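Chemist: Handing you this structure, nothing more for now.
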Amino acid sequence: MLDTIRDLEQEALAALDGAADADAVHAVVSGLLGKKGRLQGVLRQIGTLPKDERAEVGRLANVAKRAVEEAARKRLDAFQAAREADLGETEWVDATLPGACRGGGSFHPISQMCREVEDIFLGMGFDLADGPWVEDEWHNFDALNIPADHPARDLQDTFWMEDSNVLRTHTSPVQLRVMKAGRLPIRVVCIGRVFRNEATDATHEHTFHQVEGLLVDREVSVAHMLYVMRSLLQELFGKDIEVRLRPAYFPFVEPGFEMDMRWRGAWLELVGCGLVHPNVLRAGGIEPDVYSGFAFGFGIDRLVMLRYGLDDIRHFMGGDLRFLRQFTRGVEL
Ligand code: DAH
């Protein structure tokens, strides 16, 4: 039995020497020392030996066990060291590679245009302003020189809330919020959603997007306004774009204008603008004898339709991914 144990030990040590990897080492160890291992098999027969031989067999079995365990540990350490030694070769990562990209998403064409317009105005030194979608009557109408009995209220079909608030029909009420904040001079744009109670068709949607601009300072003139408006359209549609100003009526400006742009041979109305009406300045807590300003407003949806030659505004809110996937230009998500 002593010889058998020595043979098993030698056999195991030789197998460990030849083991190709950590798994092979574990297999050798459990094949010898595991519950069903060959050494256990031998020791199970220890009861058949005369008593005085048993101690020696036990001792030798322990020696064999320790020798094999020790050899196995050394092999495992060697494998580990070898793996770590060439880690730089086998498991290196190029941390400068772009990350895994899920792809597929992109910004809505309206959002893309909003950002573009935002960038242009930020570049001209304007700040961004914001206001609530649910607006009170004073901000949406009265303070903008549109009193309750004024026919101009009918120009905009309004969603009225039960508490007499409205879904803002334009971004112009943000003008008042900025003026009331009390910091002068003012140079802001607000880009956001507006809502009209319209029968929808190819050019009318109940929810759309406007840009509102307001500049208030001393001695502001139509020339300043014209410069800013023209710069915007040139940035968006090219330096050689042709524009013109036409007188127009908006209650919150005096004089009021519409700016048209020449597009494929026709004049298109694009921007409402004018010098801020003294009543509006006063409502905003600004002294019209000291300060003057210009304001302007235009639709984002319209610009996107022009740029891509779209014929129906209802695509924007339609939620059809086949439509939206055509506009992956711009910043990917
Ligand atoms: N609020 C107007 C509208 O929704 C657009 C507009 C026109 C805004 C002239 C202005 C402006 O600030 O001066 O149709």
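The values are calculated or read from the model by the stated rules, or taken from the named source; none is laboratory data. As the structure is a computational prediction, the values presented were derived from the model and not from experiment. So basically every Cβ, Gly included, is an ideal-geometry build from the backbone, and we count neighbours across all protein chains shown. The protein model used for the area step is the full one, side chains on, heavy atoms only, and it has no ligands, DNA or RNA in it. Shrake-Rupley method; radii C 1.70, N 1.55, O 1.52, S 1.80 Å.
Chemist: Would you list the membrane-span-like helices of the chain, meaning whole DSSP H runs whose alpha-carbon atoms span at least 30 Å along their axis and whose mean Kyte-Doolittle value is at least -1.0?
Modeler: TM-like helix candidates: 51-85.
Chemist: Same structure, new question: For region 2-88, with all protein chains present and a 1.4 Å probe, just round the carbon and sulfur fraction of the accessible area to a whole percent.
Modeler: The value for region 2-88 is 53 percent carbon and sulfur by accessible area.
Chemist: Counting only residues 5 or more places away or on other chains, whose amide H sits under 5 Å from the amide H of A248 once H atoms are built in the peptide plane?
Modeler: It is G256, F257, E258, by chain and number.
Chemist: Let me ask something else. Going toward the positive end of the dipole of region 1-124, with +1 on Lys and Arg Cβ and -1 on Asp and Glu Cβ, which of V25, A82, H108 do you reach last?
Modeler: Farthest towards the positive end: V25.
Chemist: Quick one: 3J(HN,Hα) in Hz for region 245-262, Karplus 6.51/-1.76/1.60 with θ = phi - 60°, rounded, Gly and Pro as x.
Modeler: These are the phi-based 3J(HN,Hα) values: 9, 10, x, 8, 9, 9, x, 8, 9, 7, x, x, 9, 10, 9, 10, 10, 7 Hz.
Chemist: Moving on to the next point. Over the chain, how many pairs of lysines fall under 28 Å by alpha carbon, counting only those 8 or more apart in sequence or from different chains?
Modeler: Taking the chain as the scope, the lysine pair count is 8.
Chemist: Dividing the alpha-carbon Rg of the chain by 2.2 N^0.38 Å yields what?
Modeler: Relative to the 2.2 N^0.38 Å estimate, the chain comes out at 2.03.
Chemist: While we're looking at this one, here's another question. Could you work out, for region 100-175, what percent of all Cα-Cα pairs fall into each 10 Å distance bin, beginning at 0 Å and stopping at the bin that holds the largest distance?
Modeler: Binned Cα distances yield the sequence 16, 33, 26, 18, 5, 1, 0.
Chemist: Now for a separate question. What Rg and what Dmax come out for region 250-307 when only alpha-carbon atoms are used, in angstroms?
Modeler: So, for region 250-307, Rg and Dmax equal 14.5, 44 Å respectively.
Chemist: Run the numbers on the chain and let me know its relative contact order in percent, using alpha-carbon pairs under 8 Å that are six or more apart.
Modeler: 16
Chemist: Here's another thing I want to ask about it. If you find the alpha carbon centre of region 24-58 and of region 291-330, how far apart are they in angstrom?
Modeler: Cα centres, region 24-58 to region 291-330: 83 Å.
Chemist: About its Cα centre, what dipole magnitude does region 109-327 give when the only charges are +1 on Lys and Arg Cβ and -1 on Asp and Glu Cβ, stated in debye to the nearest 20?
Modeler: 660
Chemist: Would you work out if region 163-287 is rounded, prolate or oblate? Take a ≥ b ≥ c from the square roots of the eigenvalues of the alpha-carbon gyration tensor; rounded if a/c is under 1.5, else prolate when a/b is larger than b/c, oblate otherwise.
Modeler: oblate
Chemist: Pop out the carbon and sulfur fraction of the accessible area of region 109-327 as a percent, whole number, probe 1.4 Å.
Modeler: 49
Chemist: Please give the per residue accessible area of the chain, computed with a probe of 1.4 Å over protein heavy atoms only, in Å². Present the calculation step by step, with values, prior to reporting the outcome.
Modeler: Working: 18670 Å² over 333 residues.
Result: 56 Å² of accessible area for each residue.
Chemist: If you don't mind, there's one more thing I want to ask. How much mean residue ellipticity at 222 nm does the chain get from its helices, if each DSSP H run of length 4 or more adds -39500 (n - 2.57) and you divide by all residues, to the nearest 500 deg cm²/dmol?
Modeler: The helix contribution divided over the chain gives -12500 deg cm²/dmol.
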